[in-house]
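Data first, discussion second: the structure below is written as structure tokens.
The values are calculated or read from the model by the stated rules, or taken from the named source; none is laboratory data. Predicted model, so just to flag it, every value in this text is computed and none were measured. Here the Cβ positions follow ideal geometry from the backbone for every residue, glycine too, while neighbour counts run over all protein chains shown.
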Amino acid sequence: GIVYNVAVVTGDIRGAGTNSKIHVILHGSKGLKNSGKIFLEGGEFERARTDLFNVEIAALLSPLSRVTIGHDNCGVSSGWFCEKVVVYCPFTGIEQTFPCGKWLDEDEGDGLIERELYEMVSLRQRRLKKNPWSLWIWTSDIKNAGTDATIFFQIYGDKGKSDEMKLDNNSDNFETGQTDKFMIELPDLGTFYKLRIWHEKRNPFAGWHLNKVTLLKTLTKEKYSFNCGRWLDINEDDNEIVRELPAEGSLVTEVMPVIKYRVTVCTGTVSGSGTDANVFVCLIGDQGDTGDRVLYNCINTVNKFEKGNADEFFVEAVTLKQVRRVRIGHDGKGGSSGWYLAKVIVREEGQPESEAVEFPCYRWLDKNEDDGQIVRELVPAGESPMLKNVSYHISVKTGDIPGASSDSKVFIKLYGEKADSSKEPLLVSDNDLGNYFERGRVDEFTLDTMDIGKINRILIGHDNVGLRSGWFLASVQITVPVQGRQYMFPCNRWLDKDEADGRVEVEVYPSEIVPIEKLINYEVSVVTGDMRAAGTNAKVFMQIYGETGKTELITLENRSNNFERGATDIFKREAADVGKIYKIRIGHDGKGIGDGWFLESVTLKRLAAKMKESDKKKKKKKKSHEEEEEETKVEEVMDVYTFVAHRWLAKDEGDKELVVELVPDGESALEGKYQREYAYVCEYSSCMKDSNHTAVLCRTIYGPTAIPLLQCSLHCENNYEVHVLTGNVWGAGTDANVFLSIYGIERGDTGERQLKRSNNINKFEKGQVDVFTIKAIDLGELKKLRICHDNSGASPSWFLERVEIVDLKESTTYYFPCQRWLAVEEDDGQIVRELVPVDEAFVKKDTENDGQSLATLGLEQKAKSTTYIVKVKTGDKKNAGTDANVFITLYGSKDDTGIVSLKASKINKNKFERGKVDEFTVESVDIGDLKKIKIGHDNTGNSTGWFLEWVEIDAPSLGLCLKFPCGRWLDKSEDDGAIERIIFPAELQTTEYIPFVPYEITVYTSDIFGAGTDADVFIVLYGSDGICTQQKSLCVNKREQRMYFERNSVNQFIVELEDVGDIIEKIRIGHKGGGLNSGWHLDRVTIRRLLPNGKGSETVTFPCERWLAKSEDDGEIVRELVPSAIFTEKLMKDGTLKQIEEEVEDPLEVHTYKISVFTGDIYGAGTDANVFLNIYGDLGDTGERKLSKSETNFNKFERGQEDMFTIQAVDLGILYKIKIRHDNSMFSPDWFLEKVEILDETTEESFVFLCERWLSRKKEDRKIERTLYEQ
């Protein structure tokens, strides 16, 4: 028959449980067949529990059409609340959910005690198909053959292996001379070739003599037998309690031999190398593996795994063919469990020594050293396990419900397309929260194992040991950067003997697989020099530059004490593939005691896929026949780069630099290279005697063909002389630490360098020029620089005039104008600026006409850079806000912005408070498409924990707005304890619009008494055909309003607004009133825009020479202006500027519009509210104007009267609609508007707009704004 797994869930409400007998009927598809009434015996049916039943039926019904469930209504509390029924058929692999959520009770609801349940199809899951098998175990008929131990077994076929299965030993199983039958389910494993069977009891009476095992497939009667006839006993035979049995029978073509493998485990000679923990080993070959074998019976030593030992063990197994990997580890028990493993040697017993395969390790298996792993997978000498193994980063989230946390040992197993991982205990977490699997927290683990391909499912569970063993698992997330994938496994269930279905392990299938940025493995070896005080305790970082880009900053640290005198430290890091590497930068942060470091050399290794090309290689070296056949196969070769530094990185040694750039060593002297490289590898791995290794190395080295042209000139070091000119503004100087990065067009960048040693003792003072020298590998032509300060010191605000950089090798000078503040409380609040070089002619022009105008190059800078408006939403939770300093990095496809401190929020004075949105500006030059962001804080201040809801980044110049959802804590004591996160954009929330362009707007205030204003000034630009920009306030905040628009002042603003086309027909400028003296006399406005090709600009002048004041002139505070002159500057081919000035021909005229507003003649029609009007014509609109002074009535908008107003505006052309509204203020705001008539006095055309409706919050459709069209 076919076994169905039926799970019956009782609801979690009072009195839900029952003592009645429950029955179920399963109905097949189309309702043709059914299972008949099946009584579910032995269930508890208690509140909030899940009861599991295995129901065997002769027919295959799955997928089911419906399920009938009911009870016999007997017993004391017979009423039952059934939540749902879940049916899983292993044979088809389909799991169906039938929700119920109703009472089966005569006294509740509709009184039914039997219900028909239908499937909720959206919850259907396809799992692995399994077939039923019968398993017979024959215990021998000899004295004491029986055992009381629990028996485990695992089956291997040519398509994979089964899970480990446990056969519970009831009192009467596995007795002398008897046969025990079990029903098991196995996935499709192909033809079986072996079975492993074992028990775990090492006491004297657990010994077992197994005669044989047979397996029979229930449906097709396929049969296998496995003969044993040996003891599994620690006192008999070879004292082993595990046996591997080869498959025999009609289906098996050849019976595999059983082989003894001699495994030699060499413990290192480092101090504290030995261990007292239980060590296990698993040999993995071309045909299966041996499973984890505890190394218990040592052949040659009594005290195992001591410092310097070579302990030998036998592992007996069905042949593995060629042994490819060794997985070795320990259980971390015992006083000194840390273990330094040198290597493992494996050979088949009876084979000569020369056939032995060596698996070097030379690493700690210790929770407190290296990367904290206590299980390692080793590969044969000459290959790098760090590069070959894939890191699976596993985040395990415990639910946030009472009692969710567990003290049990949690394990996980991954099932991939190519292979499965073994059951790995999660013992050592990366984020080390101290106590694992606590309520609401996330623990992160790394599994380093072979590439198992795409993950299909996982098994996760615990051993149910400890006081609080029950665990509520929320979800598991597995990130595999080397595959470029992230898997989400939602779980949300108890793993607890006393909750739900009582299971403590569960199989989970991925709900989604998200593609992420693909990385590759790098192995980094750092050699510290052998001289006095060579070691360092500072934080060491490094960055790799290649032909296709650069990696992010890589920190080199782990649990060990690294960078000690004369030591070699090896790190595995995942980073972007940058193609052929041409330089690295390595340095440290200079913190801690004894930070000076003598760096000897750095070696980088990585795997590169090379296509084998037969014809080219034939000339170089003769191939063996095997290689000849696989011509186009992709082979992985190891690239090795050596960087010799042999220098100090210390504040008080050598050139006092803490950062150095290195190029790969000696690519020209090739002959010397082989020997040196080979010696180098030998020196540090101390076991490289296998024959093929030299060949590996020959492939590794770059031959002369791989070196790009101009090799020599490109990779030389260059000195850059940096001149920093601080502005002449009051308070321009800074005391903060200033940092600079220089970027080349082709060849990378210098990284962030602190500007320390200047020609002046007191650096960056007002009007001063400071000169610095930066050493770096030649960058070629420069494209931009980033300059910033850390906002430290008494007066950190800094006004930077410009930076000049002299390339001493090429003797060329680059000019980077800035003319802006780097200050939290000035300008846009940024303390980092990215600058682009401009032509010398522009800079010289500035210096010639000094003082007479504000000719700046801000517009050119803005056009080349991208302004990102960053909005940060703090979650609305208790203690969500933070006082720490928040920083952000934007990563684009070409580059990143570096770390930007979010200091000056445009909206809130107190940043990052609960439920608030803060807005910041980040400027950067050409970083490509935004891929991800990193946001975090420095954990300083009183309440540092922060709940970040989302980040929104709007780039007007790209016409793109991206939303980055986060919804997690950045808090040492919440979630996973991380205080910085990388977040990716949500594709569905990305909005695109037409990109904005920069305008330089210069405002000239007149030189007459009382001309200045501190009101909020805004501007709108109009192109032809009524295209207009949004209304933009020129000042960011109140402080700027007070500073700007003083009498006889000239203020310049660079704003990004919609592109209005080639011609600006008119502008509207005005202010919002308010402030102490809001009246303003505006002389003129000029607007400068760049020409399309970037070879110059045009400036349009808009004269005004009128008041914008309620108490002067006509009382208007909004004016529309038309252009009078256009001034164009073009950069000619010979580097000079050509300047043309021309009058604007027939600009639009200013028209006067007479507006008559008729209020209806019905009860309560009049209003006291403020009324606003916007008139639209085919050439543009007037903007919203307040109808303030009625020319006909003192009390305006009363019942039945006509009020007249005059509005001056630039010619609107033919009027076609108006928008009229009131602000619902004062006592009786409700207004019945009959109509509006508008007379254009210049053309004497009249337009009528009928309304005849209420503008009221209480009447009709409750709207207080109406759009009216011309009749």
Checking residue 401 against (1) surrounded by 17 or more Cβ atoms within 10 Å (Cβ to Cβ); (2) farther than 18 Å from residue 261 by Cβ; (3) of a type in the set (A, V, I, L, M), the condition it does not meet = (1)
Condition broken by residue 179, with the remaining ones in (1) in contact with a strand residue (DSSP E or B) (Cβ under 6 Å, 6 or more places away or on another chain); (2) surrounded by fewer than 14 Cβ atoms within 10 Å (Cβ to Cβ); (3) among the hydroxyl-bearing types (Ser, Thr, Tyr); (4) under 30 Å from residue 27 (Cα atoms) satisfied = (4)
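So how many residues does the range 779-795 have that are in a loop (DSSP other than H, G, I, E, B) and either crowded, with 19+ Cβ neighbours inside 10 Å or among the hydroxyl-bearing types (Ser, Thr, Tyr) (or both)? Walk me through how you get there before you give the answer.
From the range 779-795, those in a loop (DSSP other than H, G, I, E, B) are 779-781, 790-795; that's our starting set.
Next, from what is left, pick out any that are either crowded, with 19+ Cβ neighbours inside 10 Å or among the hydroxyl-bearing types (Ser, Thr, Tyr) (or both): 779, 792, 795.
Total meeting the criteria: 3.
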Only one of (1) closer than 19 Å to residue 280 by Cβ; (2) surrounded by 19 or more Cβ atoms within 10 Å (Cβ to Cβ); (3) over 30 Å from the mean Cα position of the chain (by Cα); (4) polar (S, T, N, Q) is not met by residue 319, so which one is it?
-> (1)
What pairs come up if the first residue lies in the range 347-372 and is under 22 Å from residue 429 (Cα atoms), the second is hydroxyl-bearing (Ser, Thr, Tyr) and surrounded by 12 or more Cβ atoms within 10 Å (Cβ to Cβ), and their beta carbons are under 6 Å apart, counting only those six or more places apart or on different chains?
-> 364/340; 369/560; 370/560
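Here is a yes/no grid of residues against (1) small (Gly, Ala, Ser); (2) assigned by TED's automatic domain parsing to the domain that holds residue 1021; (3) in contact with a Ser or Thr (Cβ under 7 Å, 6 or more places away or on another chain):
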residue	(1), (2), (3)
1082	no, yes, yes
1113	no, yes, no
1121	no, yes, no
1124	yes, yes, yes
1130	no, yes, no
Filtered residues of the range 483-499 (kept if surrounded by 17 or more Cβ atoms within 10 Å (Cβ to Cβ) and out of contact with any His (no Cβ under 7 Å at 6 or more places or on another chain)) | 483, 485, 486, 487, 489, 491, 493, 494, 496, 499
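Could you identify the single residue in 298, 266 that is of a type outside the set (Asp, Glu), closer than 25 Å to residue 361 by Cβ and touching a residue at least 40 places away in the same chain (Cβ under 8 Å)? Spell out how you get there, then give the answer.
On the way: 298 fails: touching a residue at least 40 places away in the same chain (Cβ under 8 Å).
Within the list 298, 266, the selection yields 266.
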How many residues does the range 260-293 contain that are surrounded by fewer than 17 Cβ atoms within 10 Å (Cβ to Cβ) and aliphatic (A, V, I, L, M)?
-> 1
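Condition test on residue 177, is it assigned to a loop (DSSP other than H, G, I, E, B), free of Cβ contacts under 8 Å to residues at least 40 places away in the same chain, outside the structural domain of residue 422 (by TED's automatic domain parsing) and not basic (Lys, Arg)? Outline the logic, then answer.
On the way: assigned to a loop (DSSP other than H, G, I, E, B): yes; free of Cβ contacts under 8 Å to residues at least 40 places away in the same chain: yes; outside the structural domain of residue 422 (by TED's automatic domain parsing): yes; not basic (Lys, Arg): yes.
Answer is yes for this residue.
Identify the residue in the range 301-328 that is assigned to a strand (DSSP E or B) and touching a Pro at 6+ places or on another chain (Cβ under 8 Å) and, among all such residues, is nearest to residue 360 (Cα to Cα). Talk me through it step by step, then tell me what you get.
Here is the first cut: in the range 301-328, the residues assigned to a strand (DSSP E or B) are 310-318, 323-328.
Okay, now just the ones that are also touching a Pro at 6+ places or on another chain (Cβ under 8 Å), so 318, 324.
Details: 318: 25, 324: 13 Å.
It comes out as 324.
Identify all residues within the range 1225-1263 that are assigned to a loop (DSSP other than H, G, I, E, B) and touching a residue at least 60 places away in the same chain (Cβ under 8 Å); write none if there are none.
Pass one, the range 1225-1263, residues assigned to a loop (DSSP other than H, G, I, E, B): 1225-1230, 1241-1244, 1256-1263.
Of everything in the range 1225-1263, those that are assigned to a loop (DSSP other than H, G, I, E, B) and touching a residue at least 60 places away in the same chain (Cβ under 8 Å) turn out to be 1228, 1229, 1230, 1241, 1242, 1243.
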Filter the range 811-831 for residues that are surrounded by fewer than 19 Cβ atoms within 10 Å (Cβ to Cβ), modelled with pLDDT of 85 or more and of a type outside the set (Gly, Ala, Ser) and give the result.
-> 812, 813, 824
Evaluation of residue 376 against (1) more than 24 Å from residue 288 (Cβ to Cβ); (2) modelled with pLDDT of 90 or more; (3) not hydrophobic (A, V, I, L, M, F, W, C) (one fails), failing number = (1)
If you scan the range 314-364, which residues turn out to be hydroxyl-bearing (Ser, Thr, Tyr) and within 15 Å of residue 304 (Cβ to Cβ)?
-> 336, 337, 340
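Would you confirm whether or not the range 1180-1195 contains a residue that is in a strand (DSSP E or B), at pLDDT 90 or above and not assigned by TED's automatic domain parsing to the domain that holds residue 1109?
Quick first cut of the range 1180-1195, residues in a strand (DSSP E or B) only: 1180-1181, 1185-1186.
Now narrow it down to the ones that are at pLDDT 90 or above: none.
No, the conditions are met nowhere in the range 1180-1195.
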Considering only strands (runs of 3 or more DSSP E) fully contained in the range 355-428, which possess at least 1 residues that are more than 27 Å from the chain's Cα centre (by Cα)?
-> 357-365, 375-378
Output the qualifying pairs, or none if there are none: Cβ atoms under 6 angstrom, residues six or more apart or on different chains, first residue in the range 943-960 and in a strand (DSSP E or B), second residue among the hydroxyl-bearing types (Ser, Thr, Tyr).
-> 946/882; 953/868; 955/866; 955/868
Over the range 1016-1038, the set of residues closer than 30 Å to residue 824 by Cα, of a type outside the set (Ser, Thr, Tyr), at pLDDT 85 or above and part of a loop (DSSP other than H, G, I, E, B) is 1016, 1030, 1031, 1034
Residue list for the range 159-190, filter: within 50 Å of the chain's Cα centre (by Cα) and not charged (D, E, K, R) = 160, 162, 165, 167, 169, 182, 183, 184, 186, 187, 189, 190
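Condition check ((1) under 19 Å from residue 664 (Cα atoms); (2) buried (at least 18 other Cβ atoms within 10 Å of the Cβ)) across all residues:
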| site | (1), (2) |
| --- | --- |
| 519 | no, yes |
| 526 | yes, yes |
| 532 | no, no |
| 562 | no, yes |
| 578 | yes, yes |
Among the residues of the range 729-749, the number that are part of a loop (DSSP other than H, G, I, E, B), modelled with pLDDT of 90 or more and not aliphatic (A, V, I, L, M) is 4
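Residue by residue, here is whether (1) modelled with pLDDT of 95 or more; (2) under 44 Å from the mean Cα position of the chain (by Cα) holds:
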position: 200; (1), (2): no, yes
position: 209; (1), (2): no, no
position: 226; (1), (2): yes, no
position: 235; (1), (2): no, no
position: 255; (1), (2): no, no
position: 265; (1), (2): yes, yes
position: 269; (1), (2): no, yes
Criterion violated by residue 282 - all others in (1) under 30 Å from residue 55 (Cβ atoms); (2) at pLDDT 95 or above; (3) out of contact with any Leu (no Cβ under 8 Å at 6 or more places or on another chain) satisfied | (1)
If you check residue 1013 against the conditions, is it part of a strand (DSSP E or B) and not assigned by TED's automatic domain parsing to the domain that holds residue 946?
-> no
Unique match (being in contact (Cβ under 8 Å) with a residue 24 or more places away in the chain, touching a His at 6+ places or on another chain (Cβ under 9 Å) and hydrophobic (A, V, I, L, M, F, W, C)) among 1053, 1045 | 1045
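Condition check: free of Cβ contacts under 8 Å to residues at least 40 places away in the same chain and either surrounded by fewer than 18 Cβ atoms within 10 Å (Cβ to Cβ) or not assigned by TED's automatic domain parsing to the domain that holds residue 559 (or both). Does residue 431 satisfy that? First the steps, then the outcome.
Working: free of Cβ contacts under 8 Å to residues at least 40 places away in the same chain: no; either surrounded by fewer than 18 Cβ atoms within 10 Å (Cβ to Cβ) or not assigned by TED's automatic domain parsing to the domain that holds residue 559 (or both): yes.
It is false that residue 431 is free of Cβ contacts under 8 Å to residues at least 40 places away in the same chain and either surrounded by fewer than 18 Cβ atoms within 10 Å (Cβ to Cβ) or not assigned by TED's automatic domain parsing to the domain that holds residue 559 (or both).
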What number of residues within the range 1059-1088 satisfy the criterion of being closer than 20 Å to residue 1212 by Cα and assigned to a strand (DSSP E or B)?
-> 5
